[in-house]
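The values are calculated or read from the model by the stated rules, or taken from the named source; none is laboratory data. None of the values given here were measured: they were computed from a predicted structure. Because the Cβ atoms are built from the backbone with ideal geometry, glycine has one as well, and the counts that use them run over all protein chains shown. Accessible surface areas use protein heavy atoms only, side chains included; no ligands, DNA or RNA. Shrake-Rupley method; radii C 1.70, N 1.55, O 1.52, S 1.80 Å.
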Amino acid sequence: MKKFFVLFNVLCFGLIVHANVIHVPGQKTTIADAIQMASDGDTVLVARGTYTQAALLNINKPVTVASHYIYSQNEEDIDNTIIEPMSEEMEEWIELSAQNSRIIGFKLMGSDFHTLNITSSYAEVMCCKFIGGKDQLSMSRGGGYVGYCYFENGGDDGIDCDNSVNWIIEHNTIVNAYQDGIEIRLQDKEAPLTTHIFRYNKIIGSGESGIQIIDYQGNSYREFYVHHNIFQDCRGSGFSCMYQEIDNTSEVYKGSLMQEKAYVYNNTFIGCNYGLTLSPGLTVLNNIFVHLKTMGIERGEYVNDDNDLSFIDFCLFYDNPVHYDPDIRIGTNIIMDKDPLLDEDQNLLSGSPAIDAGTEQFAKQGMTLEIPASDYAGIHPDFGAKEFGKDNWDTGRLAVVNAGEDQIIIAPKNEVILKATITGIIPNGESSINLQWSKVSGPGEVKFSNASGLVTTAVFSMQGIYKLMLTMDNGKNKTSDKITVSYVTDFVDRSVNVGAGKDVFIEAEDYRYLIGTVEVISMPGASGKVVRTQNGQNKRACAEYRISTQSAGTYYIWINGGGNKKAKVNLYVAFNKSANEQQIIGAQDVDFGTESWRRAVFHETPEGIYTLRIRAEEEGVMWDRIFITSDAAQQPWE
């Protein structure tokens, strides 16, 4: 068997600090007794051996229960540290009920029912082997992180998610599940939206689907990102959308009415019966469908012209009896009947038509996706699960830092607390970790209260958009992560769709960001309110609008603006990137009529999500409406 495990997890920095270690069987003869003895943050370290559980093993504290694998990185520590049920009739006999509880590096033997259940909103299961049982890992109203595990011969599903909340499931191998590799039920849940990420997994030989999402009525406020997975030789669909029909979970290839959005991209579907069945909210990009038994993509019975917001583009179809249902909504960037040139591990070979054939951006009908540059090696992403020339499936991944979420600061406040985390288990004896925050870009100075810490306050001298970086150096390897901090006068989260034959007017006050010494006021003759620079402004005095282009091409951006009897009025306009900024001369005495319109032209703009930035350097410069069109002859006053 190939090695599937690495020394890797996702955890808060506080869990890395070496708290007390309780040895089993050295200090306590059972794992349960050691958990009872432990305090928050402690590690229960279990020696090799077989540990038979006569009752539920409940990790009900924020502690780590681990084999010596966390220090040795030796897979034999997993294979020889075994937890098993005393009786085959025991139900869900391991439970993670505490927030931030963790189990790492065990071989877990199944019963006739369920093996492990996560019932807290965040717990972690890493580097474990699940052998036999029914549902091998469940999330019952739970969530968290499941990574680098191996699931074999589950009697029902490898992973079962009922009423689950936020989770990441990555770098797992699920082999020969009797029904589904992972089954997800969309039971009713209130807002807020939760995010569910399934990536870098291999699902082989499932009796039904690789991943099955079972719809219930209404919107459960969940969003799914399914990417860089291999679905191989599943007897049903690789990816299945399924409507709840009298508790039937057997694949019927009808699709579903699922209202939840799902982004299915950069996957390889190979040797399954069907590749994918649709729901109205699916976005399907950069996938390979090859050697399927019946069909690549099935629209099903529940998706129709009235409810269909799904979209399929940038995919390769090869050696399938039917590539896709002719009624699906499909783009123009499809590769048909060309061999993707895959090796036995589904790596792309040199010369594959899938290399650099994908897209990194997508925006259509409220569905938006941006693939980070770190996920691909070439000019564009490849098709399929494995990127040519980049080992994004590397099982020897090093510990890395996560700089945290992007932040927005609204003036007059000019500081923010940054909270980073470290990804990776730090073994005893490893050299010390050095951390360093720095500014990558931005208009002013940034002062860090603790530039060498995971948690620091950052103070900004000037409004604008900043890129900050946290670098970690452990003496052997160096890794870094970046975040964006937007220090602005005002922020409203909104965007505007343009293109595909659609012209649009934007009112000046419908900005996303307002930066610098800018005011929004009423002026005679304006269609609404205007944006005007004030005294003491600097080059960062501007408004930014978020634009989603629905088609690639040339965009003509008209701005109705100028100054107040100035000899010269300059407006600066950038679209997509700052480097393409253009200067236009505004009207000297603006009355917001026909003579006040000015135009900037931006060629070769791809489909995607971009910033339109309008700024001025003189006081008293103002603008009212903005008009965006892809028609060179169209004028805003017509």
Handout entry: Residues of segment 321-364 satisfying the condition of being open to solvent by 40 Å² or more (accessible area, probe 1.4 Å) and among the polar types (S, T, N, Q)
Key = THR332, ASN333, ASN347, SER350, GLN361
Practice task
Please tell me if ALA98 is modelled with pLDDT of 85 or more and either part of a strand (DSSP E or B) or within 30 Å of VAL455 (Cβ to Cβ) (or both).
Solution key: yes
Practice task
Collect the residues in segment 101-123 that are touching a Phe, Trp or Tyr at 6+ places or on another chain (Cβ under 6 Å) and in a strand (DSSP E or B), keeping them in residue-number order.
Solution key: LEU108
Completion exercise
Of (1) within 21 Å of ILE214 (Cα to Cα); (2) in contact with a Phe, Trp or Tyr (Cβ under 8 Å, 6 or more places away or on another chain), LEU309 satisfies every one except (2)
Practice task
Among residues belonging to segment 623-638 that are aliphatic (A, V, I, L, M) and not in a strand (DSSP E or B), point out the one that is surrounded by the most Cβ atoms within 10 Å (Cβ to Cβ).
Solution key: ALA632
Fill in the blank from the handout: Scanning segment 39-75 for residues that are under 16 Å from GLU92 (Cα atoms) and either open to solvent by 30 Å² or more (accessible area, probe 1.4 Å) or in contact with a Pro (Cβ under 8 Å, 6 or more places away or on another chain) (or both) gives THR52, GLN53, ALA54, ALA55, LEU56, ASN58, ASN60
Handout entry: segment 524-547, residues that are under 20 Å from GLU617 (Cβ atoms), assigned to a loop (DSSP other than H, G, I, E, B) and either at pLDDT 85 or above or not aliphatic (A, V, I, L, M) (or both)
Key = GLN534, ASN535, GLY536, GLN537, ASN538, LYS539, ARG540
Completion exercise
Going through segment 595-622 in order, the residues found to be among the β-branched types (Val, Ile, Thr) and either part of a loop (DSSP other than H, G, I, E, B) or open to solvent by 70 Å² or more (accessible area, probe 1.4 Å) (or both) are VAL621
Practice task
Take the residues in segment 403-433 that are at pLDDT below 80 and open to solvent by 70 Å² or more (accessible area, probe 1.4 Å), then tell me which one is nearest to LYS482 (Cα to Cα).
Solution key: SER432
Exercise for the section: Mind listing just one residue for me: the one in segment 370-385 that is among the acidic types (Asp, Glu) and under 16 Å from the mean Cα position of the chain (by Cα) and, of those, nearest to ALA262 (Cα to Cα)? Expected result: GLU370
Problem - Residues satisfying the stated conditions in segment 296-307, i.e. touching a strand residue (DSSP E or B) at 6+ places or on another chain (Cβ under 9 Å) and farther than 18 Å from GLY331 by Cα - result: GLY300, GLU301, TYR302
Problem - Residue pairs meeting the criteria (Cβ under 8 Å; at least 6 apart or on separate chains; first at negative phi, in segment 68-84; second part of a strand (DSSP E or B) and of a type in the set (D, E, K, R)) - result: ILE78/LYS107; ILE78/LYS129; ASP79/LYS107; ASP79/LYS129; ASN80/LYS107; THR81/LYS107; ILE82/LYS107; ILE83/LYS107
Fill in the blank from the handout: The number of residues in segment 272-295 that are closer than 14 Å to ILE328 by Cα and hydrophobic (A, V, I, L, M, F, W, C) is 6
Problem - Test result for THR115, under 23 Å from GLN36 (Cβ atoms), touching a His at 6+ places or on another chain (Cβ under 8 Å), surrounded by 20 or more Cβ atoms within 10 Å (Cβ to Cβ) and hydroxyl-bearing (Ser, Thr, Tyr) - result: no
Exercise for the section: Spot the failing condition for MET367; the list is (1) within 25 Å of the chain's Cα centre (by Cα); (2) of a type outside the set (S, T, N, Q); (3) closer than 22 Å to ILE270 by Cβ, and only one is missed. Expected result: (3)
Problem - Complete set of residues in segment 548-571 that are at pLDDT 90 or above and over 18 Å from ASP510 (Cα atoms) - result: THR554, TYR555, TYR556
Completion exercise
In segment 192-228, residues that are of a type in the set (A, V, I, L, M), open to solvent by 10 Å² or more (accessible area, probe 1.4 Å) and in a strand (DSSP E or B) total 2
Handout entry: Of residues in segment 469-496 being modelled with pLDDT of 90 or more and in contact with a Ser or Thr (Cβ under 7 Å, 6 or more places away or on another chain), the one most open to solvent (accessible area, probe 1.4 Å)
Key = MET469
Problem - Condition met for MET109 (within 20 Å of ARG48 (Cβ to Cβ) and open to solvent by 10 Å² or more (accessible area, probe 1.4 Å)) - result: yes
Problem - The lone exception for VAL455 - which of (1) open to solvent by 40 Å² or more (accessible area, probe 1.4 Å); (2) modelled with pLDDT of 90 or more; (3) more than 30 Å from LEU45 (Cα to Cα); (4) hydrophobic (A, V, I, L, M, F, W, C) it fails - result: (3)
Handout entry: Of all residues making up segment 576-594, the number that are in contact with a Lys or Arg (Cβ under 8 Å, 6 or more places away or on another chain) and in a strand (DSSP E or B)
Key = 4
Problem - Qualifying positions in segment 43-79 - assigned to a loop (DSSP other than H, G, I, E, B) and in contact with a Lys or Arg (Cβ under 9 Å, 6 or more places away or on another chain) - result: PRO62, VAL63, HIS68
